[in-house]
Amino acid sequence: ICGPFLGRRVTMSGLLATHSGELIDFSKIAVTKFKLDDIAHHLSNICRYGGFLDFNLHYSVARHSIHLYDYVRQLGFCEEFQKATLFHDAGEAYLGDLLSAVKAYCKDYKMLEKEVSHRIFNQYNISQHFIEHSVISHIDKCIVLDEVLALRPRHYQLFRDVSPVDVYPLGVDIVVDYSVSDKEKTYSEFLQICKSLGISDR
């Protein structure tokens, strides 16, 4: 062990090394400083649906977030609401995208996800009022039907049958890109939207 850890005993238990090389200590999450570049990079790399998509398809959490952001922007929601929508899954940049069906049984994970999300919202001056807003939660459930129709069409009716009656497709045109370069495109687009909304590392 060398560099900044020379002479120190280091354990990786409870630590996460981000793409930029930052160490995140979940036991000290209250004093953690996040990086926008890491958030955009990680979310662009994380594929939704727990690996259930076809081998040649990558649909990232970042692309999902951009679609929801575009949806609320086109509906005329205020800028603060747009920020919260874009960042509604930002905690997953550090925790991964745990399937909702599994997350329901993981109370500790849900508490940690809430805390990480709270800290990210606080660092980037995004209103905490929107962190669990019912509208964001609702459209987040609805867009699943749009995504399944585009990404897993043979399973669409299955998802439709088990969805609550108030969950319906939003009519979002889901972008399906089979190329690896889409990760970089999504990463750049996510950061560009952040810039347009005044979200930055200060």
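The values are calculated or read from the model by the stated rules, or taken from the named source; none is laboratory data. Everything numeric in this text was worked out from a predicted model, so none of it was measured. Backbone-built Cβ (ideal geometry, glycine too); neighbour counts: all protein chains shown. Just the protein is used for accessible areas: all its heavy atoms, side chains included, with ligands, DNA and RNA removed. Shrake-Rupley method; radii C 1.70, N 1.55, O 1.52, S 1.80 Å.
Some points to look at:
- The Kirkwood radius of the range 34-139, taken over pairs of alpha-carbon atoms, gives through the Stokes-Einstein law at 4 °C and 1.567 mPa s a diffusion coefficient of 91 µm² s⁻¹.
- GNM result for the chain, Cα springs below 10 Å: residue of C106, C47, C142 fluctuating most strongly: C106
- Solvent-accessible surface (1.4 Å probe) assigned to S134 amounts to roughly 80 Å².
- Counting protein heavy atoms only, the range 64-202 has 54 percent of its accessible area on carbon and sulfur, 1.4 angstrom probe.
- Dipole magnitude of the range 133-202, debye to nearest 20 (Cβ charges: Lys/Arg +1, Asp/Glu -1, about Cα centre): 80 debye
- Cβ charges +1 (Lys, Arg) and -1 (Asp, Glu), total dipole of the range 80-152, debye: 140 debye
- All Cα pairs of the range 21-72, percent lying beyond 18 Å: 49 percent
- GNM top mover of A30, A101, A93 - the chain, alpha-carbon springs below 10 Å: A101
- Taking all protein chains as shown and a probe of 1.4 angstrom, I131 keeps an accessible surface of around 50 Å².
- Of the GluC sites (Glu not before Pro) in the range 104-186, the ones in a loop by DSSP (not H, G, I, E or B) with at most 15 other beta carbons within 10 Å are E132.
- Highest-MSF residue in the chain out of V162, V61, V144 [GNM, Cα springs under 10 Å]: V162
- Dimensions in Å of the range 138-202 - Rg and Dmax from alpha carbons: 15.4, 46
- Computed from the alpha carbon positions, the gyration tensor of the range 89-168 leads to an equivalent ellipsoid with semi-axes of 26, 15, 12 Å, biggest first.
- Structure-derived Cα extents along the principal axes in Å - corresponding label in [x] 56, 32, 30; [y] 46, 38, 30; [z] 59, 37, 36: [z]
- Using Cβ point charges alone (K and R +1, D and E -1), the dipole size of the chain about the Cα centre works out to roughly 560 debye.
- At a probe radius of 1.4 angstrom, the accessible area of the range 18-59 per residue rounds to 52 square angstrom.
- Positive-end residue of P164, Y69, M111, charge dipole of the range 62-197 with Cβ unit charges: M111
- Taking every protein chain into account, the accessible area of the range 86-202 amounts to 57 square angstrom per residue (probe 1.4 Å).
- With θ taken as phi - 60° and the Karplus curve 6.51 cos²θ - 1.76 cosθ + 1.60 applied, the whole-hertz 3J(HN,Hα) list for the range 181-198 is 4, 5, 4, 5, 4, 5, 4, 5, 5, 4, 5, 5, 5, 4, 4, 5, 8, x Hz, x standing for glycine and proline.
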